[in-house]
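The next block holds one structure in the form of structure tokens; read it before the comments.
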Amino acid sequence: MNSTNTTKRLFNRTLNHEKIEITNYYTSEIYNVFFRKNDRSTTPQGKVRLFYPCTTNIKIGTIFSLYNKGKYLVVSQDSDENSVYYTSLAIRCDEIFKVKYNNTLVSVPFVLSSEVYDVSENSTISIIDGSIIAYTGLTEATKDMAGTYNVFGGTYEIKNSFIRGGLIYYYLKRTAKETNTLTYTGLTELDTSTGAYQLTYEAKTNGNVVNDPILTYVTSAPDIATVSDTGMLIFRQAGTVTITATWIEKDVECITEFTLTGDAPDPNKVNVTITGGDTLRYGRAKTWTVTFTDYTGTTVEKTDFSWNVISNFTVTQTITGNKIKLECSDGKAIDKIFTLQVLDSNGTILAEQIITITG
């Protein structure tokens, strides 16, 4: 009998008898696998070995949920020289990092490494001297992490990274506990007849301004004013309203009271908002979006507008409807600013955003 057919028959028999469903952490895709009998429960090191058909969409870097035992990261994949099944080693994740990606927070499971590496800081990395290495699957959200994270019972700053296979490793060094503040920087007495007002805040960590913090908003009186996901305060009628803004990356709140006076807003007024942030990293592309809303905050369609960039240096533009992708490859432009505008058909400025090139 053909050895491949024999292997397939034996493998399928075992899979049918011992099949366990695991779920992809990010996509919720379900995989049918089985574990070695002596590895059905996790080892003291939190490791499991799984077997699955070669057609299964599992690879190094895949993270899956294993019933009530936690999240596991696949760190190897071997075929045992057959075309029927793969076997992989997976390690239980130790911590969840809240990673900023595309103006949202992504919960990413990480494994704390027990290995030793040489890195640019010329030191042996260990938990004892306040430095650690944590690793996870390589994805768009994890490939370019930076800044500080409150994990493993302390505050850690990313110092370096390297990629091996489908995994990305981050070298983090323990720092002093962060002091985070969120301060409202706009007006508090507003004219209701204008329809809306863009709320502005300044976020700081240890006294340093943080660009593009992710904020959420809650209004105390929706009958007086509502607030959009982008911080646009939309007036309904005169009165007093309190807005609570939360910097979700750092769990810091800013509570501000607003007084609205004047007549009710014009129902025909269209509010224009540009989202995408106020920084563009040198050599990287980034997308901004313009949104048109009526006085209730409902999105309305508008096509008679144009994008405009005012800059003393080259900014490459790719426009697709209400989105514009910008990129700057001029190294001399670092720390300089340019203006992104939305114009109506007559050239009138509907909205604009000052953007800084960062290194």
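The values are calculated or read from the model by the stated rules, or taken from the named source; none is laboratory data. Just so it is clear, the structure is predicted and the values come from calculations on it, not from any experiment. Positions of Cβ are generated from backbone atoms using ideal geometry, with glycine treated the same way; all protein chains shown enter the neighbour counts. The area values use the complete protein model at the heavy-atom level, side chains included, leaving out ligands, DNA and RNA. Shrake-Rupley method; radii C 1.70, N 1.55, O 1.52, S 1.80 Å.
Annotations for the structure displayed:
- Strands (runs of 3 or more DSSP E) enclosed by the range 276-359 - at least 3 residues per element that are touching a residue at least 60 places away in the same chain (Cβ under 8 Å), of a type outside the set (S, T, N, Q) and farther than 30 Å from Gly195 by Cβ: none
- Search result, residues across the range 195-206 that are under 23 Å from Thr148 (Cα atoms) and either modelled with pLDDT under 90 or open to solvent by less than 50 Å² (accessible area, probe 1.4 Å) (or both): Tyr201, Ala203, Thr205, Asn206
- Single residue of the range 63-99 satisfying the filter (among the β-branched types (Val, Ile, Thr) and more than 26 Å from Leu10 (Cα to Cα)) that is nearest to the chain's Cα centre (by Cα): Val99
- Residue under evaluation Cys254, criteria (1) out of contact with any strand residue (DSSP E or B) (no Cβ under 8 Å at 6 or more places or on another chain); (2) crowded, with 18+ Cβ neighbours inside 10 Å, criterion not met: (1)
- The selection criterion, being modelled with pLDDT under 95, closer than 18 Å to Gly277 by Cα, open to solvent by less than 50 Å² (accessible area, probe 1.4 Å) and among the hydroxyl-bearing types (Ser, Thr, Tyr), holds for Thr358.
- Set side by side, the residues Tyr67, Tyr26, Tyr52 differ, and just one is modelled with pLDDT of 90 or more, more than 30 Å from Gly231 (Cβ to Cβ) and of a type in the set (Phe, Trp, Tyr), which is Tyr52.
- For the range 228-243, a residue qualifies if it is part of a strand (DSSP E or B) and open to solvent by 30 Å² or more (accessible area, probe 1.4 Å), and the qualifying residues are Thr240, Thr242.
- Residue ID - nearest to Phe110 (Cα to Cα), chosen from residues in the range 58-87 that are surrounded by fewer than 21 Cβ atoms within 10 Å (Cβ to Cβ) and hydroxyl-bearing (Ser, Thr, Tyr): Ser65
- Filtered residues of the range 160-185 (kept if surrounded by 15 or more Cβ atoms within 10 Å (Cβ to Cβ), in a strand (DSSP E or B) and not polar (S, T, N, Q)): Leu167, Ile168, Tyr169, Tyr170, Tyr171, Leu172, Lys173, Arg174, Leu182, Tyr184
- Filtered by the rule that a residue be assigned to a loop (DSSP other than H, G, I, E, B), on the phi < 0 side of the Ramachandran plot and either of a type in the set (D, E, K, R) or in contact (Cβ under 8 Å) with a residue 24 or more places away in the chain (or both), the range 186-200 gives Thr188, Leu199, Thr200.
- Restricting attention to the range 261-275, the residues that are part of a loop (DSSP other than H, G, I, E, B) and open to solvent by less than 70 Å² (accessible area, probe 1.4 Å) total 4.
- Neighbours by Cβ (under 8 Å, 6+ apart or cross-chain): first from the range 92-113, free of Cβ contacts under 8 Å to residues at least 12 places away in the same chain and of a type outside the set (Asp, Glu); second in a strand (DSSP E or B) and open to solvent by 70 Å² or more (accessible area, probe 1.4 Å): Ser107/Lys98
- If only residues of the range 330-352 that are more than 19 Å from Gly277 (Cβ to Cβ) and of a type in the set (Ser, Thr, Tyr) are counted, the one that is most open to solvent (accessible area, probe 1.4 Å) is Ser345.
- Pro213 meets the conditions (1) modelled with pLDDT under 95; (2) in a strand (DSSP E or B); (3) open to solvent by less than 40 Å² (accessible area, probe 1.4 Å); (4) within 30 Å of Trp307 (Cβ to Cβ) in every case but one. The failed one is (2).
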